[in-house]
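These notes concern the structure reproduced below.
The values are calculated or read from the model by the stated rules, or taken from the named source; none is laboratory data. Here the structure is a predicted model, which means the values were calculated and not measured. Note that we place each Cβ from the backbone using ideal geometry, even for glycine, and neighbour counts take in every protein chain shown. All accessible areas refer to the heavy atoms of the entire protein, side chains included, with ligands and DNA or RNA removed. Shrake-Rupley method; radii C 1.70, N 1.55, O 1.52, S 1.80 Å.
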Amino acid sequence: MIQHLPFLPVLLPMLAGVILLIPPFGNSKTSKRVTSVMLSIVAFIAALALLMKVHADGTQVYAIGDWSAPFGIVLVADPLSTLLVCLATLLGVVCVLYASAGDDEKGSFFHPLVHFLILGVSGAFLTGDAFNLFVFFEVLLIASYALLMHGGDKKNTRAALHYVILNLVGSAVFLIALGVLYGVLGTLNMADMALKVAVLQGDDVYLAKIGGLLLLIVFALKGALLPLHLWLPNTYATAMPVVAALFAIMTKVGIYSMMRVYTLIFGNEAGQLSHMAQSWLWWLAIATIVMGAVGVLASKDLRKLVANLVIVSVGTLVALVAVQTAEASAAAIYYLVHSTLVTAALFILADLIARQRGKVADRITAATPVHQPMLLGVCFLIAAVAVIGMPPLSGFIGKVWLLKATLNAEYTFVFWALYLMVSLAVLIAIAKAGSTVFWHHQGKVAENTRQERVHPAQLIALIILISGAPLMSVFAGPLSEYVIGAASQLHDFNSNINLILSGGL
Amino acid sequence: MELLYAACVGLMVSCGVFLILRARTFPVVLGLTMLSYAVNLFLFSSGRLSTNQAAVLGYSAEYADPLPQALVLTAIVIGFAMTAFVVILAIRGRTDLGSDHVDGQAPKSNKKVKV
């Protein structure tokens, strides 16, 4: 059993999805909800167990079907991927719990789809094979297409249509990139690809470069980097908030893939191709941050505001990926965990606020006060402080860390100046939104919204997410140690390659 | 053979891109299908083109690379599911939005075309 541990975060959500479709568990509302929450907790515990194991014994390499690398597909559970798998499964628990308060009945098959999405996300984090990465991308995408349509209206259909078509084109580009890379390198195992890239000569170098940059397009599309980010605000703002909270991890999958591909395959050791994406990523990231800030300032409702905050965080992360030092990667990993939790919390908060304001919903305008101003207000304050990056919460630590990590990058003064201005813009936008929603009232609490008190399940989900920010700053010591270890492992070319190709022995 | 093959792939990609840019759901679906055909052919060629060679080791002196064939198979299956989904979505979009334009309504300059 214990040697199969790295496979469990992929296997358990798949079994959960299937179990939830068959009669004894899929019959009534209650049995569905209880089973789904239980199974998501089991998946989270398995991910935690894997984290413990990786922390104690180092990276685990699991050869699926016992076909050893580079011929078979391997799952690589290193500190980075395991941490992100934990994050994804935690988000799964929270969203299933939150939706159990009633959102899951607005469409069919909510619970199985969430588990399939988690399956795709965990698989994409763990896999060490480029084609397998594509397969897991497709798994998470098709689950996300269906979730996006869950309980949707007209606006939602349009956003979903754009999202699906864009991602199908993205998948085609992904396959072309893989075809080019396979044609040149003769392998799809990421570690083996890294070895082959280092010894390329002649025209093959350019072909591999084309393949690598095509991959960059795909990851930029998934991660919502500047020219390819336009789908994100509409998609996230029209999806059901609980689904949007779950999607908070999906842009991170794109960024994680960038980290993997451009530090392992096209990193320091890649000969002529080393750091080929760096100059692109750096400027695109800065532009993304600025566009995100413009979007944040222009947002007329809370959900759109949060969606634009996601774009800012994507830009920040990609800037760190572009620096390509172990320190920057450590900052990126910390910031990634922080931003995923906080944006998910904000999406859920926006939903709770919208429910208690009647027709006005989450538009940022004076309206009837919310029914539970203390609870929602305090949560909003914590999440806002965290996302803006003010002390003492996790956002501040992440921000200081990332500014320090970019100290030696080229044109860092541009980044620093713009990034701090953007932080100010975010501060202004959120302060304005918060004060309008909680302090500018018109009329009394509407009668019908009194019914919409926060459900206990929703409250637990919200508290789990909100407590992430203070906990990440209280336990910043051990967490940063772990993250620095994960980052140095990510940048340690030789040990990575040896470990994966020898099957982790 | 290489020239013909490459020309076919290129032609299909350009047709696919053209159809996707038509921005009406039916051409877009056709374009996506065309694009995925082209991609499948392209993937197939990444193992080098050859004739009369077994894809199994030991059955002929020169053998064809079996991996691209497996990749194409996977890509076909996934592409099939995705196409099915986008067809359903397109039908739903037509009913929900009242138009087969991907934006829900055609831009004003196109209004001359009667639907």
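Numbers below:
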read-out: Breaking point among (1) within 25 Å of A:VAL321 (Cα to Cα); (2) surrounded by fewer than 22 Cβ atoms within 10 Å (Cβ to Cβ), for A:GLY395; value: (2)
read-out: Count of the range B:74-98 residues which are open to solvent by 80 Å² or more (accessible area, probe 1.4 Å) and not aliphatic (A, V, I, L, M); value: 4
read-out: When residues of the range B:6-28 are limited to those that are within 11 Å of chain A (Cβ to nearest Cβ) and closer than 18 Å to B:VAL102 by Cα, the one nearest to the chain's Cα centre (by Cα); value: B:GLY16
read-out: Odd one out for A:ASP129 among (1) more than 16 Å from A:PHE7 (Cβ to Cβ); (2) surrounded by 24 or more Cβ atoms within 10 Å (Cβ to Cβ); (3) not hydroxyl-bearing (Ser, Thr, Tyr); value: (1)
read-out: Residue ID - farthest from B:ASN40 (Cα to Cα), chosen from residues in the range A:162-187 that are open to solvent by less than 20 Å² (accessible area, probe 1.4 Å) and more than 8 Å from chain B (Cβ to nearest Cβ); value: A:TYR163
read-out: A:TRP67, sole failed condition from (1) farther than 18 Å from A:ALA245 by Cα; (2) modelled with pLDDT of 90 or more; value: (2)
read-out: Per-region count, the range A:36-60, residues open to solvent by less than 60 Å² (accessible area, probe 1.4 Å) and either modelled with pLDDT of 90 or more or among the basic types (Lys, Arg) (or both); value: 13
read-out: Flag for A:ALA143 being among the small types (Gly, Ala, Ser) and either open to solvent by 10 Å² or more (accessible area, probe 1.4 Å) or more than 9 Å from chain B (Cβ to nearest Cβ) (or both); value: yes
read-out: Some residue of the range A:352-364 being of a type in the set (S, T, N, Q) and modelled with pLDDT under 90; value: yes
read-out: Scope the range A:357-375; condition within 28 Å of the chain's Cα centre (by Cα) and under 20 Å from A:ALA237 (Cα atoms); matching residues; value: A:ALA361, A:ASP362, A:ARG363, A:ILE364
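For every residue, the table says whether it meets (1) assigned to a helix (DSSP H, G or I); (2) surrounded by 20 or more Cβ atoms within 10 Å (Cβ to Cβ).
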site: A:CYS379; (1), (2): yes, yes
site: A:MET390; (1), (2): no, no
site: A:LEU407; (1), (2): no, no
site: A:PHE415; (1), (2): yes, yes
site: A:TYR419; (1), (2): yes, yes
site: A:ALA431; (1), (2): yes, no
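Each row is one residue, and each column tells you yes or no for (1) at the interface with chain A (Cβ under 8 Å from one of its Cβ atoms); (2) surrounded by 20 or more Cβ atoms within 10 Å (Cβ to Cβ).
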{"position": "B:LEU4", "(1), (2)": "no, no"}
{"position": "B:LEU30", "(1), (2)": "no, no"}
{"position": "B:SER45", "(1), (2)": "yes, no"}
{"position": "B:THR51", "(1), (2)": "no, no"}
{"position": "B:VAL72", "(1), (2)": "no, yes"}
